[in-house]
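Heads up, the thing below is written out as structure tokens.
The values are calculated or read from the model by the stated rules, or taken from the named source; none is laboratory data. Please read all numbers here as calculations on a predicted model, not as lab measurements. Don't worry about glycine lacking a Cβ; one is built from the backbone with ideal geometry, like all the others, and counts go over all protein chains shown.
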Amino acid sequence: MSTWRARIDAIDQILLVLLNERSRSANEIGHIKKQHKLPIYVPEREKTVLGNVLKNNSGPLEDDAVRRLFERIIDETRSLERRKYQNLD
């Protein structure tokens with residue numbers, strides 16, 4: 001069991017690196033949105049992102065679980081963008 005737990009710990013570290021990389025990319029997009037006076041929230045883009053991940057979901061996580069996870073990731077990323085760029089002019 002310790003081997004499997006170590007594997008999960010290693011995967012968690014990779015997930016963390018990827019989530020932070022995703023957030024940095026979203027921050028860059030937020031900066032561009034601010035420069036061009038575009039809204040932070042773009043529902044069509046969120047639908048596209050969710051559609052892409054669901055289309056590529058090969059399990060064992062069910063689509064509803066994947067949707068909830070990515071909705072949370074998107075929500076946290078959007079909050080980060082708002083905090084960073086809402087008061088910049």
* Structure fact -> Cβ pairs under 7 Å, 6+ apart or interchain, first in region 37-65 and more than 16 Å from Ala26 (Cα to Cα) and modelled with pLDDT of 95 or more, second surrounded by 11 or more Cβ atoms within 10 Å (Cβ to Cβ) and among the acidic types (Asp, Glu), ordered by first then second residue, are Leu54/Asp63; Asn57/Asp63
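May I ask you to say which residue of Val17, Val53 is surrounded by 14 or more Cβ atoms within 10 Å (Cβ to Cβ) and hydrophobic (A, V, I, L, M, F, W, C)?
Working: Val17 fails: surrounded by 14 or more Cβ atoms within 10 Å (Cβ to Cβ).
Answer to the check: Val53.
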* Asked: Are any residues in region 31-46 assigned to a helix (DSSP H, G or I), over 20 Å from Glu71 (Cα atoms) and of a type outside the set (S, T, N, Q), and if so, which ones?
  -> His31, Ile32, Lys33, Lys34
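Determine whether Asn57 is on the phi < 0 side of the Ramachandran plot, not aliphatic (A, V, I, L, M) and not in a helix (DSSP H, G or I).
Numbers: on the phi < 0 side of the Ramachandran plot: yes; not aliphatic (A, V, I, L, M): yes; not in a helix (DSSP H, G or I): yes.
So Asn57 passes the test.
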* If the Cβ limit is 9 Å and pairs must be 6+ apart or interchain, which residue in region 1-16 that is closer than 21 Å to Thr77 by Cβ and modelled with pLDDT of 95 or more pairs with which residue that is among the acidic types (Asp, Glu) and surrounded by 10 or more Cβ atoms within 10 Å (Cβ to Cβ)? -> none
* To do: Sort out which residues of region 40-73 are under 21 Å from Lys84 (Cβ atoms), out of contact with any Leu (no Cβ under 8 Å at 6 or more places or on another chain) and not charged (D, E, K, R), and write them in order of number.
  => Ile40, Tyr41, Val42, Pro43, Val49
